[in-house]
Amino acid sequence: QVRLVESGGGLVQAGGSLRLSCAASGRTFSSYAMGWFRQPPGMAREFVAAMSASGDSADSVKDRFTISRDNAKNTVYLQMNSLKPEDTAVYYCAASRSRNSGRLLYEYYYWGQGTQVTVSS
């Protein structure tokens with residue numbers, strides 16, 4: 001069993017930055033891929049970024065969001081810069097049971113409870 005706990009969400013003005021953290025427990029963190037997804041109000045959950053166990057990353061928000069991981073701290077981060085009102089969503093951390101990262105929800109088995117990010121204009 002893997003437990004994921006997100007933190008770092010909040011209210012920020014457009015153009016600002018936030019760093020989300022996701023602390024993982026319950027399994028060897030370094031052995032599996034991690035991802036970030038978000039769910040805007042009234043919309044489906046969507047891929048934001050992912051990082052494989054070997055450190056390869058992929059993201060859908062070019063040049064503004066960056067995923068990173070600290071295996072010593074069992075934590076994955078999402079640095080979000082130049083935030084826009086359309087980035088408003090609940091952000092979820094997810095863990096795969098594979099070393100390889102993906103962009104699809106079904107590729108992730110464990111999910112955090114989510115953290116709200118609200119960007120005001």
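Coordinate-derived values only; no laboratory data. What you see is a predicted model; the values in this text were computed from it and never measured. All Cβ positions, even for glycine, are placed from backbone atoms using ideal geometry, and neighbour counts span all protein chains on display.
Identify which of Y77, Y106, Y92 has the largest mean-square fluctuation in a Gaussian network model of the chain, with springs joining Cα atoms closer than 10 Å.
Y106
Once phi is turned into ³J(HN,Hα) by the Karplus curve 6.51 cos²θ - 1.76 cosθ + 1.60 with θ = phi - 60°, what whole-Hz value does each residue of the stretch 29-43 show in order, with x for glycine and proline?
For the stretch 29-43, the Karplus-derived couplings read 4, 5, 8, 9, 6, 10, x, 10, 10, 9, 10, x, x, x, 10 Hz, x marking Gly and Pro.
Which trypsin sites (Lys or Arg not before Pro) in the stretch 29-121 pass both tests, a DSSP loop state and at most 14 other beta-carbon atoms within 10 Å?
The qualifying sites are K62, R64, K73, R97, R99.
Within a Cβ distance under 11 Å of R97, other residues only, what is the Lys/Arg minus Asp/Glu net charge?
Here the count lands on +1.
In whole Å, what are the Cα extents of the chain along the three principal axes, biggest one first?
Result for the chain: principal-axis Cα extents of 40, 27, 23 Å.
How many angstrom lie between the Cα centre of the stretch 81-121 and the Cα centre of the stretch 13-80?
Each part reduced to its Cα centre gives a spacing of 6 Å.
Take the alpha carbon gyration tensor of the stretch 1-64, find the square roots of its eigenvalues, order them as a ≥ b ≥ c, and report rounded if a/c is under 1.5; if not, report prolate when a/b exceeds b/c, else oblate.
Taking the square roots of the gyration eigenvalues as a ≥ b ≥ c, the stretch 1-64 is prolate.
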